[in-house]
Amino acid sequence: MNRKTFLKYTGAGAGFLLAPSVITSCMNAGSNDSDVYGFPLQFPDTLNSDQLQASRSNLTIAEQYTLDGLQFNGSLPGPIVRIKRGERFHVQFQNDIGQESIIHWHGMIVPPDMDGHPKDVISEGSYPYEFTINQRAGTYWYHPHPHKITGPQVYRGLAGFFIVTDDEEQALNLPSGDYELPLVIQDRKIDDSGNIYYNPSTPERMMTGYLGGHILVNGIPNPYHEVQPRPYRLRLLNGSNARIYNIAFRNGNSFTVIGSDGGLLPQPVESNELLLAPGERADILVDFSNGFSNNSAELISKEFSVPSNGGMMGNMSQLMGQSGPEQGSEFPLMEFRIGNEADSSAPIDLPRQLSDINFPNEEDAERTRSIELNMEMMRGHTINGRQFEMLRVDEEVSQGDTEIWEFINNSAVPHPMHIHVVQFKVLSRSGSRGLLPTETGWKDTVLVMPGERVRVIMTFDAPKGLYVFHCHNLEHEDAGMMANLKIV
Ligand code: C2O
Ligand code: CU
Ligand code: CU
């Protein structure tokens, strides 16, 4: 196995920006190869209760780190909700964390009082959720949504998968059970005594967001997982506050992208890297029987560049916001240790057409809205010049209308923009990046790099009421980079 490139992560490029503790811990990891992937991956249980209780406790992670943690039903990450299209979901959210909170079902199309709007926070007691699943199979997720404190609550442990299945997807016979792996990737800052801490500086809050130097997958630092030499389905979720990953295998092996935020893509797409921004999901198939040597497949985040925009301002914000490895640095994520035999090695017979999707046509759009993302001195990030106000209606759309929204990033940092209760199709992106494999399907979160204009199209079919859209960099969101969307 070639781990030489791992050292790049501490290399001269980013080195001078790293806090000393980060440098030390990374160099230790790099110099002692066999310790990089030291702990077995774990999976949260499936939710089998009608209660989701958020509580607080001091946790020890992988025998070495401590966290003043928040958990759903005592689990980190939260239990996995598995539900089929057409079924009714009901759960009582019980808030025992001593702080305001409310749950949002990210990517789900639900009535306004079920969506976890920040105005619906409760500081104690319970909030009943009940809605019918009426949308495509896909990898959705849930997390808290209180104004100004979503970042710390997600960071301390409140997040879980919300997996929807349907007949169309089941007919494909994709790898399931032990061969389907939900993986939530999160970066963390860890101090010299092993405490995972959340303490963003003003520049982190205002500019880069909170970027850690250590990776957790399903709550375990750089885990390993034993797999068989056969195809697996990986449901990837970037549950980080601010860090973007460029998903790849160390040896450059390709994988097959089959799904995005809103479920199956029309067609599978082969790729050997895939950008995944906070809030985004990707469903990929990996064949561990093919192309990996030494019985090992290392999943990494490959180096990528963030386009600079705004010259001096851009450089300033990079420098000032920095206290962990910068956005775009290379990271080891986890290792798959490939066994010698597969229980059942039937190759999957993937059809060329995974799903028949009718995306809305541009000609059918009722209107186009410009959503400008700016960075303002002394104020931080704004959407169309404003910061969040709890009840001010920022955009009003008519139920059933199809609209094009154009996100224009005039700032110097990336913004993964997320709209509640819709799935949209990305139409175009200015510049040279083009569309990603995941952007051939339905999305609810889209990465808008500095200087880019990204156009998306969607039909607002959700029940009438008040929802939000926002940047899914949680420090940006908490600092007010959020707006109200009213469906009338
Ligand atoms: Cu995943 Cu409004 O958020
Ligand atoms: Cu959401
Ligand atoms: Cu942002």
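The values are calculated or read from the model by the stated rules, or taken from the named source; none is laboratory data. Fair warning: this is a prediction, and the values are worked out from it, not measured in the lab. Quick reminder, even Gly has a Cβ in these numbers, built from the backbone with ideal geometry, and neighbours come from all protein chains shown.
What's the number of the condition G324 fails, among (1) modelled with pLDDT of 95 or more; (2) of a type outside the set (D, E, K, R); (3) farther than 14 Å from Y232 by Cα; (4) touching a Lys or Arg at 6+ places or on another chain (Cβ under 7 Å)?
Result: G324 fails condition (1) only.
Only residues that are exposed (fewer than 15 other Cβ atoms within 10 Å of the Cβ) and touching an Asp or Glu at 6+ places or on another chain (Cβ under 8 Å): list them for the range 41-65, please.
Listed by number, the list holds a single entry, N58.
Let me confirm something: among S411, S428, S432, which residue is out of contact with any Cys (no Cβ under 6 Å at 6 or more places or on another chain), within 13 Å of ligand 3 (Cβ to nearest atom) and hydroxyl-bearing (S, T, Y)?
S411
Let me spell it out: the conditions are (1) out of contact with any helix residue (DSSP H, G or I) (no Cβ under 8 Å at 6 or more places or on another chain); (2) more than 14 Å from ligand 1 (Cβ to nearest atom); (3) touching a residue at least 60 places away in the same chain (Cβ under 8 Å); (4) on the phi > 0 side of the Ramachandran plot, and T459 meets all of them except one. Which number is the exception?
(4)
I need the full set of residues from the range 413-438 which are of a type in the set (A, V, I, L, M) and more than 16 Å from ligand 1 (Cβ to nearest atom), in order please.
Within the range 413-438, V413, V426, L427, L435, L436 qualify.
Hey, does the range 105-114 have a residue that's surrounded by 17 or more Cβ atoms within 10 Å (Cβ to Cβ), free of Cβ contacts under 8 Å to residues at least 40 places away in the same chain, of a type outside the set (S, T, Y) and within 14 Å of ligand 1 (Cβ to nearest atom)?
Yes.
Could you tell me which residue of the range 446-488 is surrounded by the most Cβ atoms within 10 Å (Cβ to Cβ), considering only residues that are more than 11 Å from ligand 3 (Cβ to nearest atom) and among the β-branched types (V, I, T)?
Looking at residues that are more than 11 Å from ligand 3 (Cβ to nearest atom) and among the β-branched types (V, I, T), I get V446.
In the range 376-425, which residues are on the phi > 0 side of the Ramachandran plot and not β-branched (V, I, T)?
M378, G380, N384, G385, G400
Within the range 419-437, is there a residue that is touching a strand residue (DSSP E or B) at 6+ places or on another chain (Cβ under 7 Å), of a type in the set (F, W, Y) and touching a residue at least 40 places away in the same chain (Cβ under 8 Å)?
No, that holds for no residue.
With the condition kept exactly as written, say whether any residue in the range 183-199 is surrounded by fewer than 17 Cβ atoms within 10 Å (Cβ to Cβ), touching a residue at least 60 places away in the same chain (Cβ under 8 Å) and assigned to a strand (DSSP E or B).
yes
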